[in-house]
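Quick note: the coordinates plus some simple rules give every number you see, no bench work behind them. Everything numeric in this text was worked out from a predicted model, so none of it was measured. Every residue, glycine among them, receives a Cβ derived from its backbone with ideal geometry; neighbour counts consider all protein chains shown.
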Amino acid sequence: MSIATVALPANLFSRGEQEQVQNLLQQFSDRQLQWLAGYLTGLQQGNQQLLQLINRIPVPAESISTEPLQAQDSITVLYGSKSGNSKKVAKTLHDKLIARGFTTVLQDMNQYQGNKLKEEKYLLVIVSTHGEGDPPPAAEDLHAFIHSRKAATLENTRYAVLALGDRSYASYCQTGRDFDQRFEALKGIRLLDRVEADVDYEETAEIWVEAILNKLQESFAGMGPGAVLTQSIHSNGNGHAKTIQPVSYNRKNPFKATVLEKIQLNGRGSAKETYHIELSLEGSGLEYLPGDTVGIWVENEQTLVDEILSLKKWDTSQQITSKDISSELSTFLQKKAELTTISGSFLNAYLPFIGDPALAHSLKAILTDKQALLNFVYGRDIFDILKAYPANISAQQLSEILLPLQPRLYSIASSYAAHPEEVHITVSRVEYHNHARRHRGVASNFIADVLEPGKEIGVFIETNESFRLPENSSTPVIMIGPGTGIAPFRAFVEERADTGAEGKNWLIFGDQHFTTDFLYQTEWQRFLKQGVLTRMNTAFSRDTSRKIYVQNRLLENADELYAWLQEGAHFYVCGDAKRMAKDVKQTLINIVQNKGSLTEEDAVDYVKQLIRQGRYQEDVY
């Protein structure tokens with residue numbers, strides 16, 4: 001088709017740019033021009049110059065609307081994210097709604113006031129679950145609000161919930177379920193039934209998004225088919241945005257990374273076994289930012305596979321068919337099945353096969369009690385269940401209810417700027433006795449016993465937008481990382497050193513013994529000498545009669561800590577979620593209350609404000 005020349009404003013476009021625009025437009029088909037018309041309108045609502053340009057493009061009457069719908073209720077897309085997956089889905093939905101002419105607002109739960117819920121006409125919620133059924137930090141306040149007496153009825157609100165989760169956890173998608181059920185209890189009107197998505201969430205999320213769009217089009221007149229443009233933008237941590245080109249390597253198609261280095265970090269005599277692993281990303285096109293994680297595909301330990309086969313007396317060579325893939329039973333158990341993690345979904349599926357009614361009844365009772373279920377699954381593996389609850393189940397039947405083996409995610413311990421085409425991780429061997437058996441972590445022991453320099457392992461990068469260095473490089477940072485929680489802070493400090501960041505850096509590290517467990521000691525000493533690290537405090541809990549932890553060092557340096565916060569410092573915590581992270585947060589609240597002469601309630605609100613502002617960030621597990 002041919003388009004008449006459109007005069008572009010000379011104060012906005014140079015002569016060369018005007019020619020480029022005209023030449024580009026001449027190359028587009030009707031369908032492409034229709035697509036651009038809708039997208040540009042949604043992207044630049046209110047920009048009259050762009051709208052004038054769009055209005056001169058011939059668009060058939062049946063094409064998409066080039067103006068927002070009139071007299072239309074706004075649609076709120078609300079997300080609660082930890083690693084950024086919920087945000088990605090929400091952003092995609094938001095863009096598609098705009099492209100189809102809807103009036104829509106994209107909102108982070110962390111910045112959302114709960115009392116606004118009663119004003120919403122259309123509310124689309126995408127939320128993940130953190131750990132064992134808890135809301136992610138960004139959703140904590142809103143989750144608490146809807147379960148409080150302050151929550152108003154939502155009888156004029158139409159809503160839908162997409163719940164993201166990890167089926168290997170007992171309380172799968174619990175936060176999404178909480179929001180969905182509570183909205184129903186508050187008399188909200190469901191647009192669609194809740195949809196739950198596992199770690200491979202993309203396909204499920206895409207189907208849900210399309211279903212939402214179709215449902216909304218039924219509710220509003222005058223809507224035509226639309227389109228969407230998606231773009232992946234990554235902040236580099238210094239206030240500059242860069243576009244990361246799509247790569248073919250991901251969770252489903254991992255890159256085969258070669259092990260470059262494997263170093264045990266603990267000294268002789270340590271009760272721990274911690275490794276520094278360096279992997280090559282050369283030729284992959286994969287990049288990452290400090291705070292991101294790397295996924296690693298591993299295999300189950302042969303000893304555990306042998307225990308299961310011996311207990312059930314199964315033929316190791318029998319063929320197992322799972323999702324159109326056929327393999328020998330022993331291979332399936334070692335490479336395809338999740339054997340070290342027990343989920344509520346597995347137990348529910350296993351329950352009908354249990355032969356003893358009394359045992360079946362006791363397990364059923366556990367499944368109805370969330371806390372009892374969490375206590376029950378902790379420290380158990382598939383062998384424990386098969387032995388304690390004998391069942392008339394075949395190998396094929398078991399294969400059909402076992403969860404697929406999932407990759408393990410590790411905080412990245414390197415800066416890409418400092419180590420181009422490499423990624424480093426810090427891994428501690430997990431081994432413990434429970435129910436008269438030795439249990440071993442699947443990934444940590446695979447890394448410790450199998451992975452050696454020269455070998456390959458499947459990896460992929462997962463972004464973590466909720467654990468980022470400040471955009472302003474002059475902002476001070478305080479980093480709390482006991483044990484392997486030190487990993488992302490090695491990346492942080494390397495990045496600040498490589499980019500010449502002017503902000504002060506304070507690191508607080510803890511472990512058992514100074515002589516054997518001071519992870520990356522020489523590196524920290526070098527950074528201190530160079531002035532990259534402004535200060536460092538350590539807490540070695542077994543070196544004194546009184547156990548000293550990182551939270552004790554916070555209290556000892558309360559004046560300095562509060563002063564840094566008043567200067568605008570960002571506060572980071574990485575490591576154990578069950579005790580350490582909770583103790584650190586409570587200690588910070590106590591310090592703020594004391595040094596700021598605040599009430600306990602005001603001190604709690606002070607820390608909540610840090611979270612809302614992105615100045616208090618956690619990477620806990």
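So the values come out like this:
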{"quantity": "J(HN,Hα) series, region 507-518, from Karplus relation 6.51 cos²θ - 1.76 cosθ + 1.60, nearest Hz, glycine and proline x", "calculated": "10, 10, 10, x, 6, 7, 10, 4, 6, 10, 10, 7"}
{"quantity": "Stretchable slack from residue 264 to residue 579, in nm (0.36 nm times residue separation minus alpha-carbon distance)", "calculated": "110.8 nm"}
{"quantity": "Residue-span extension gain [residue 392 to residue 545] - 0.36 nm each, minus C-alpha spacing", "calculated": "49.8 nm"}
{"quantity": "Relative contact order computed over region 75-219 (Cα-Cα under 8 Å; 6+ residues apart), in percent", "calculated": "23"}
{"quantity": "Rg(Cα)/(2.2 N^0.38 Å) for region 302-401, N = residue count", "calculated": "1.08"}
{"quantity": "Long-range amide H partners of residue 190 with built H, under 5 Å", "calculated": "159"}
{"quantity": "Net lengthening on full extension, residue 358/residue 211 (0.36 nm per residue, minus Cα-Cα)", "calculated": "48.5 nm"}
{"quantity": "Neighbourhood charge, 11 Å Cβ-Cβ cut-off, centred on residue 616 and excluding it, Lys, Arg +1 and Asp, Glu -1", "calculated": "+3"}
{"quantity": "When each of 312/364; 150/370; 364/387 is checked by Cα-Cα distance, pairs over 19 Å", "calculated": "312/364; 150/370"}
{"quantity": "Area projected by the alpha carbon convex hull of region 87-159, averaged over all directions, nm²", "calculated": "5.3"}
{"quantity": "Under 12 Å from the residue 152 label point (7 Å along Cα→beta-carbon), backbone N, region 103-140", "calculated": "114-121"}
{"quantity": "Compactness relative to 2.2 N^0.38 Å, alpha carbon Rg of region 492-597", "calculated": "1.12"}
{"quantity": "Residues in region 577-599 that a label on residue 555 would reach, taking backbone N under 17 Å of a point 7 Å out along Cα→Cβ", "calculated": "579-596"}
{"quantity": "Label-reachable residues, region 117-143, where backbone N falls under 14 Å from a point 7 Å from residue 103's Cα toward its Cβ", "calculated": "120-122"}
{"quantity": "Anchor residue 595: lysines whose Cα lies under 22 Å away (excluding residues fewer than 8 positions away in-chain)", "calculated": "504, 582, 585, 608"}
